[in-house]
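Here the structure comes first, spelled out in structure tokens, and everything after it is commentary.
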Amino acid sequence: GAAGVTTNTRSVAAELTYFIDHTKAVAAITQPQYAAVVAASGPKLKWIAVTADNSGEAATAEQAVPGLLSFDDLFGDIEEFIPRPAEPMLPVGIMFTSGTTSRPKAVVHTHANTLWGTRVGPDNIGADPDSVYLIFLPFFHVNAQSWSMWSILGVGGTVVLQPKFSSSRFWEVVVKHSVSHISLIPFVYLAVQGQPIPENKLKAAVFGAIAPPLENLIGCRVLAAYGMTETVTHATRSGLHGDIPPGSLGKATPGYESLIVDPETGEVLDDGRVGELWLRGTRGIQLFLEYYDNADANEKSFTEDGWFKTGDMVRMGDGGAIFYTERDKDMLKVGGENVSSKEVEDLCRTVPGVGDVAVVGRSHPMLDVVPVAFVIKGANAPEDAELEAAILELCQKNLSDFKVPRAAYFVDDFPRATLEKIAKNQLRDIADAMPEPF
């Protein structure tokens, strides 16, 4: 009856402590390479069990932490079995997702959510019992867990797990295991572009939008899809379900309703104007059940009549296809990882000498964007180099590496859209014009 909480393997101790405390976790299972940081983060945990190796690679003596259980210690005789009726709306797991708030939110998935993913996912991607899905994305993201694994296991197909993506071995693995399906993110197709495509059995690659050039690059059909942790699986789909224009996310998957709404006025926009994507389905089935222990986020994310506000800005094209324009200005997408600029900003403001800070994404050739910080110095601030070093040091200690700003740029003031709102689009342009910090 326990619910599993998946966490990012790149999390530092301060982040893990928050995850443990917020979810009231009672125990942890981890690998030798993470045992020390988990033990330091969870003094309140009743027990911590450690696997024998690191995803197939041998553990080192330096990774040993005294006093922890081995994973094999968890196997034993059943002392008591209490039968219970099936309760599909009970939590099966929690995944953390970065939003525009200062702390990641805990998304609760139910058993019914899992069943929904196994039923609708295969139809979205054209999977059958002979399908083989290569998964190299992390299981603490919904793409690997639901879009990929649940979709394939739902029809009795095969999953090939690769602990870490390898561009040099990509086609070797695809051919060796007769892979039929993969998920694409920008880093992947950029890493394999230019490589000769061997004879293979790839049928479909799932990506955020239909892009004909990607079909030439990968040599198979690209299926557009949109989703997030809160939507469980693909909330929009295309490719196998009618003609969809290039660059679109497709149309709403059966079971989901969609609206494009002006977030300021509430006006429904179906004429090509850009607005926020709202989705509706049954909470605990098509949509997540709730944000765990976060009544404020639940109230702000849903309308009274059940529409979920995604925070993604889109427009409607001809025939009802949805086109993505941008994520909320306070959300960065760094190499496939969501980063809340507000989380980074709140931490930076605690550095003595920082008057105010704005974090934006600077364009990156492989990761899409990387975070950089624009800083207004406060009273008694040290020299720029010293203050930048202090900011980066604090971030490196308290944030996952992909959240850490690559540079700090010092300014007298921020460009503003209004008296209250910083014009982050202008800051992004300024950052892109700066010398590369990477």
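Quick rundown of the values:
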| read-out | value |
| --- | --- |
| Shape call, the stretch 91-327: gyration tensor on alpha carbons, a/c limit 1.5 | prolate |
| Share of pairwise Cα separations in the chain, more than 27 Å, in percent | 58 percent |
| Sequence of 96, 323, 136 once ranked by neighbouring C-beta atoms within 10 Å, starting from the fewest | 323, 136, 96 |
| The stretch 4-74: proportion of alpha-carbon pairs further apart than 15 angstrom, % | 49 percent |
| Restricting the stretch 225-275 to trypsin sites (Lys or Arg not before Pro) in coil, as DSSP defines it, with at most 15 other Cβ within 10 Å | 273 |
| Sorted largest first, extent of the stretch 54-138 alpha carbons per principal axis (Å) | 46, 42, 36 |
| Which of 168, 151, 131 has the fewest Cβ neighbours within 10 Å, and the rest in rising order | 168, 131, 151 |
| The chain - share of DSSP beta bridges that are antiparallel (%, nearest 5) | 65 percent |
| Order of 429, 356 - criterion: other Cβ atoms within 10 Å of each residue's Cβ, fewest first | 429, 356 |
| In the stretch 335-429, the GluC sites (Glu not before Pro) that fall in loop regions by DSSP, at most 14 other Cβ within 10 Å | 383, 420 |
| About the Cα centre, charge dipole magnitude for the chain (Lys/Arg +1, Asp/Glu -1 at Cβ), debye | 580 debye |
| Calculated FRET efficiency for the pair residue 44/residue 177, C-beta based, R₀ 35 Å, to 0.05 | 0.25 |
| Coil-residue trypsin sites (Lys or Arg not before Pro) of the stretch 93-184, DSSP, other Cβ within 10 Å capped at 16 | 164, 169 |
| Geometric extent, Cα atoms of the stretch 331-433 - Rg, Dmax (angstrom) | 12.9, 38 |
| Per-pair calculated FRET efficiency, R0 = 22 Å: residue 164 and residue 216 via Cβ, rounded to 0.05 | 0.25 |
| Under 20 Å from the residue 199 label point (7 Å along Cα→beta-carbon), backbone N, the stretch 216-258 | 218-221 |
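Rule-based calculations on the coordinates, nothing more; no lab input. As the structure is a computational prediction, the values presented were derived from the model and not from experiment. Please note: Cβ atoms are built from the backbone with ideal geometry, for glycine as well, and neighbour counts cover all protein chains shown.
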